[in-house]
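Trainee: Could you have a look at this structure, given as structure tokens, before my questions?
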Amino acid sequence: MQFELTKEYLDELRLAIKSNEEGTLLDLITDLHSADIGEILDELEIEEAKVLYKFLDASRASEVLTHMEERTREDFLESLSAKEIAERFIDNLDSDDAADLLIELPQPLKEEVISLIEDKQQAQDIVDLLHFEEGTAGALMAKELIAVQANWTVSTAVKEMRKQAEMINHVYTVYVIDDSEVLIGRLPIKKLLLTPLKSKIGDIYDSHIESVHVDTDQEEVATIMEKYDLVALPVVDELGRLLGRITIDDVVDVIKEEAEKDYALASGISSTVESTDSVVTLTRARLPWLLIGLVGGILGARVIEMYEGDLQLYPEMAFFIPLIAAMGGNAGVQSSAIIVQGLANNSLGFTGMFAKLSKEFLVGLLNGFVCSSLILIYNIFFNDSWGLSLTVSAALFTVIIVATLFGTFVPLVLDKYDIDPALATGPFITTVNDVLGLFIYFLIGHLFYI
């Protein structure tokens, strides 16, 4: 049954912590998953969290730490000594999780923690991972894996695998390397079990294996693992030597992180923020796009001012300003959203920009025709001015086509220049199309109606 965190549960837990009632605390958390305890700790004060942590064994405490919110984890770790972090957490984490944890610490504390790690090989693995650029396969991978050499016998391979497996929590794949540690394939467990002990690994391994370079972008890593349904993906260097592996749990985190970032950009927020962040942080993330919207609003007002005389002669034109602006913004966002989604999952195919614009032009043409026809019918029945009816219909038809093309063109151009195309969705497209829509509306009105 899924755990549900309630206020009553938190109140009972806080009372047990305050009273230091070990029995009650253990009853409350013993059967919970590490992710559930991480959720609880996010709601507790730092001192309360430290008391609760005393009753967790080192292995579980480390796992819980990986499930906490980043900001809560940072505050919690900074309240501990370097010795506590090294012995209670780092020693019980895989190298990738340990590196992710250390990278959040201030540099002096980070260096002190590394110096206190007893297992020097683990310390070296973590230091190696810290040197890789954030957002790459190298920063995402773990050094723990099982690898056998092609010239080993099955008997030797089994003995070595047993030794390596002691340091690994989950075994997904057995990798095969040559004498230079170059990745050459993988070893199917079924073949290993059915093959005589004196046979060579080189005779039974599968040479078909997907891998990524250490500098590969994490989004590409996620795409590869999704495409080929992989639970683990090996990482190699420039010479093809096996360096580590990326597991599916890390990729799920990447997908979630990228989705949150794109959603924030599409919503007009310049960085990923939480509702619990400070007022200054929230304001800094939201204000840039609001300022862009403000500039767009000023430009829209200027367009209306340009045609102030026309509005004085025919004030009924003002009735349809919201309609034109809204339809243009919606059409542009629809197009940009489809293109951004296609760019994200590589489903746009190999057609060029002209082909994509041509297709969206036809879509805009059909949508514009239907919407402009409906508004024309409406105006025929509810409006006495034939000129206004034609103006609104012609403007709406044109605005939908222009907005559709603009919403397609902008993300394609941004992607071409390695700028996140998610910037093209939301407030940016809406604001620009509002201004364009108003300009087109009044221009057509000036030519056809006035």
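The values are calculated or read from the model by the stated rules, or taken from the named source; none is laboratory data. Given the structure is predicted, the values throughout are model-derived calculations rather than measurements. FYI the Cβ positions are ideal-geometry reconstructions off the backbone, even for glycines, and counts take in every protein chain you see.
Trainee: So in region 21-31, with the set limited to residues that are farther than 11 Å from Leu52 by Cβ and of a type outside the set (D, E, K, R), which one is nearest to the chain's Cα centre (by Cα)?
Mentor: Only one residue fits best here, namely Thr30.
Trainee: Would you check which residues across region 226-251 are farther than 18 Å from Leu183 by Cα and touching a strand residue (DSSP E or B) at 6+ places or on another chain (Cβ under 9 Å) and list them?
Mentor: Ile248, Asp250, Val251
Trainee: What pairs come out if I take residues in region 85-110 that are closer than 19 Å to Leu140 by Cβ and pair them with residues that are among the β-branched types (Val, Ile, Thr) whose C-beta lies under 6 Å away, six or more apart or interchain?
Mentor: If the second residue must be among the β-branched types (Val, Ile, Thr), the pairs left are Ile90/Ile117; Ser95/Ile126; Asp97/Thr66; Ala98/Ile90; Ala98/Ile126; Ala99/Ile126.
Trainee: Kindly check whether there is at least one residue in region 410-424 that is among the β-branched types (Val, Ile, Thr) and modelled with pLDDT of 85 or more. Even if it seems obvious, please write down each step before you answer.
Mentor: Looking only at region 410-424, we keep the residues that are among the β-branched types (Val, Ile, Thr), and these are 410, 413, 419.
With modelled with pLDDT of 85 or more added as a condition, the list becomes 410, 413.
Yes: one or more hits.
Trainee: What number of residues in region 205-243 are buried (at least 18 other Cβ atoms within 10 Å of the Cβ) and over 30 Å from Asp415 (Cβ atoms)?
Mentor: 2
Trainee: For residues that are within 27 Å of the chain's Cα centre (by Cα) and among the charged types (D, E, K, R), tally how many sit in region 76-91. Reasoning before the result, please.
Mentor: Step one: of region 76-91, the residues within 27 Å of the chain's Cα centre (by Cα) are 76-78, 89-90.
Cutting the leftovers down to among the charged types (D, E, K, R) gives us 78.
Result for region 76-91: 1.
Trainee: In region 140-185, which residues are in contact with an Asp or Glu (Cβ under 8 Å, 6 or more places away or on another chain) and without any contact (Cβ under 8 Å) to a residue 24 or more places away in the chain?
Mentor: Of everything in region 140-185, just one residue is in contact with an Asp or Glu (Cβ under 8 Å, 6 or more places away or on another chain) and without any contact (Cβ under 8 Å) to a residue 24 or more places away in the chain, namely Met167.
Trainee: Scan region 76-99 for residues that are surrounded by fewer than 15 Cβ atoms within 10 Å (Cβ to Cβ), part of a loop (DSSP other than H, G, I, E, B) and either β-branched (Val, Ile, Thr) or at pLDDT 85 or above (or both) and report the count.
Mentor: First pass over region 76-99, keeping only residues surrounded by fewer than 15 Cβ atoms within 10 Å (Cβ to Cβ): 78-79, 81, 83.
When the remaining residues are screened for being part of a loop (DSSP other than H, G, I, E, B), the result is 79, 81.
From what's left, either β-branched (Val, Ile, Thr) or at pLDDT 85 or above (or both): 81.
Result for region 76-99: 1.
Trainee: Would you list the helices (runs of 4 or more DSSP H) that sit entirely within region 148-264 and hold 1 or more residues that are among the acidic types (Asp, Glu) and outside the structural domain of Ile339 (by TED's automatic domain parsing)?
Mentor: On the way: elements: 154-165, 189-194, 218-227.
Filter on region 148-264 gives 154-165, 218-227.
Trainee: If you take the residues of region 321-358 that are modelled with pLDDT of 90 or more and not small (Gly, Ala, Ser), which of them is surrounded by the most Cβ atoms within 10 Å (Cβ to Cβ)?
Mentor: Ile324
Trainee: Taking region 50-75 only, how many residues are among the aromatic types (Phe, Trp, Tyr) and either within 21 Å of the chain's Cα centre (by Cα) or not in a helix (DSSP H, G or I) (or both)?
Mentor: 1
Trainee: Would you mind finding the one in Phe369, Phe361, Phe382 that is closer than 30 Å to Asp420 by Cα, surrounded by fewer than 18 Cβ atoms within 10 Å (Cβ to Cβ) and either touching a residue at least 60 places away in the same chain (Cβ under 8 Å) or not acidic (Asp, Glu) (or both)?
Mentor: Details: Phe369 fails: closer than 30 Å to Asp420 by Cα; Phe382 fails: closer than 30 Å to Asp420 by Cα.
After applying the criteria, what remains is Phe361.
Trainee: Filtering region 388-437 down to residues that are β-branched (Val, Ile, Thr) and under 20 Å from the mean Cα position of the chain (by Cα), which residue is surrounded by the most Cβ atoms within 10 Å (Cβ to Cβ)? Write out each step before concluding.
Mentor: Looking only at region 388-437, we keep the residues that are β-branched (Val, Ile, Thr), and these are 391-392, 398-402, 404, 408, 410, 413, 419, 425, 429-432, 435.
Adding the requirement that they be under 20 Å from the mean Cα position of the chain (by Cα) leaves 419, 425.
Working: Ile419: 12, Thr425: 28.
Per the stated criteria, the residue is Thr425.
Trainee: Considering only region 82-122, how many residues are polar (S, T, N, Q) and more than 28 Å from His33 (Cβ to Cβ)?
Mentor: Start the filter on region 82-122 by keeping residues that are polar (S, T, N, Q), which leaves 92, 95, 107, 115, 121-122.
Retained after the next criterion (residues that are more than 28 Å from His33 (Cβ to Cβ)): 107, 115, 121.
Result for region 82-122: 3.
Trainee: Separate question: Here are Phe132, Phe89: which of them is under 25 Å from Glu258 (Cβ atoms) and aromatic (Phe, Trp, Tyr)? I'd like the intermediate steps shown before the answer.
Mentor: Details: Phe89 fails: under 25 Å from Glu258 (Cβ atoms).
Phe132 is the lone residue from the list that is under 25 Å from Glu258 (Cβ atoms) and aromatic (Phe, Trp, Tyr).
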